[in-house]
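The values are calculated or read from the model by the stated rules, or taken from the named source; none is laboratory data. Just so it is clear, the structure is predicted and the values come from calculations on it, not from any experiment. Reconstructed Cβ throughout: ideal geometry from the backbone, glycine too, with neighbour counts over all protein chains shown.
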Amino acid sequence: MSLTYDEPQLADVLALAEEVWRSFVGDDEPLLPAEPDPGIVAYAATVTIAGAWNGAVTLEFGDGTAEAVSARMLGSGSMTEADVADAVGELVNMVGGNVKSLMPGPSALSLPVVSAGRVAHSNDTTEICRCDLRWAGLPMAVSVHAHRRQDGHQS
Amino acid sequence: MKILIADDSRVMRQIVIRTLRQAGFAGHDIVEAGNGRELVDLARAESPDLVLSDWNMPEMNGIDALATLRGSGDATPFGFVTSEGSDDMRARAEAAGALFLIAKPFTPEVFAEAIGHILVG
């Protein structure tokens, strides 16, 4: 896709996440937009994009979601915590890599960072889009943050 | 035939192996590398017929691993399987000597089209 924007659009980010889910998690349980879940964030996975556009793409998983998604990706219910971190890291790597392809380049994609719990974003970032979702009834969310200069423009 | 799969994600290596099977390429010997440096070492030790490599990996990334192989005269067929499929990345891959770049997420059909002619015989 060669179309680029000043900032990632929510519809595009959601479409990318849906494509990743269909390909690697399964097409029998779609990602569905949902109300924000008040529960805990059990895992968060994020990649950063640095260069002509600077930002971060993050996936947040509610209690039990990351384990269920990982089991579907691996085709097995027998997993270690490292397997879960590996699987959700790869998911955000794919969504983030495709977001990077939508944005002006050149830029570099980081390796994924996976945390137990919510990821903290720095003060010089702004959440530019977020979609709360449910997969197989389990809560998760995808969001994009952009780094901004002090004058408010994208750095 | 022997296929070397390099990706720092064990989950993704398993998905690539599963997709190869779904694309009709079951029964080949598989060798796995967790980063570009292991890729180079295993390519030299195992003499694979095809290398499928991620781009972003710790220790050594895929494009540097390809450059290292080509710089030492190793012409093993090499393709990327990566989350970044921009025109720029495809051009860089081709210039470095890669035969194809498969963007994640992928389907068995994409695998079949990209590597079918390489794994014949």
Can you work out which of the residues in the range A:58-75 that are more than 18 Å from residue A:137 (Cα to Cα) and at the interface with chain B (Cβ under 9 Å from one of its Cβ atoms) is modelled with the lowest pLDDT? A:75
Among the residues of the range A:110-122, the number that are at pLDDT below 95 and in a strand (DSSP E or B) is 1
Which ranges mark the strands (runs of 3 or more DSSP E) fully within the range B:46-121 that have 3 or more residues being surrounded by fewer than 21 Cβ atoms within 10 Å (Cβ to Cβ) and within 14 Å of the chain's Cα centre (by Cα)? B:100-103
Residue B:9 vs. criteria free of Cβ contacts under 8 Å to residues at least 24 places away in the same chain and within 22 Å of residue A:22 (Cα to Cα): no
Residue hits (the range B:81-92; touching a residue at least 24 places away in the same chain (Cβ under 8 Å) and under 21 Å from residue A:112 (Cβ atoms)) are B:81, B:82, B:83, B:84, B:89
Among what's in the range A:27-58 and is buried (at least 19 other Cβ atoms within 10 Å of the Cβ) and β-branched (Val, Ile, Thr), pick the residue that is farthest from residue A:12 (Cα to Cα). A:41
So, in the range A:58-96, how many residues would count as being in a helix (DSSP H, G or I) and over 19 Å from residue B:7 (Cβ atoms)? 6
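Restrict the check to the range A:101-116 and report whether at least one residue is away from every other protein chain (no Cβ under 14 Å) and either over 20 Å from residue B:61 (Cβ atoms) or without any contact (Cβ under 8 Å) to a residue 60 or more places away in the chain (or both).
yes
A quick yes/no check of all residues on (1) within 11 Å of another protein chain (Cβ to nearest Cβ); (2) crowded, with 23+ Cβ neighbours inside 10 Å; (3) in a helix (DSSP H, G or I); (4) in contact with a Lys or Arg (Cβ under 7 Å, 6 or more places away or on another chain):
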site: B:4; (1), (2), (3), (4): no, yes, no, no
site: B:12; (1), (2), (3), (4): yes, yes, yes, no
site: B:21; (1), (2), (3), (4): no, no, yes, no
site: B:26; (1), (2), (3), (4): no, no, no, no
site: B:32; (1), (2), (3), (4): no, no, no, yes
site: B:44; (1), (2), (3), (4): no, no, yes, no
Go through the residues of the range A:41-51 one by one and say whether even a single one is over 17 Å from residue A:142 (Cβ atoms) and not in a strand (DSSP E or B). no
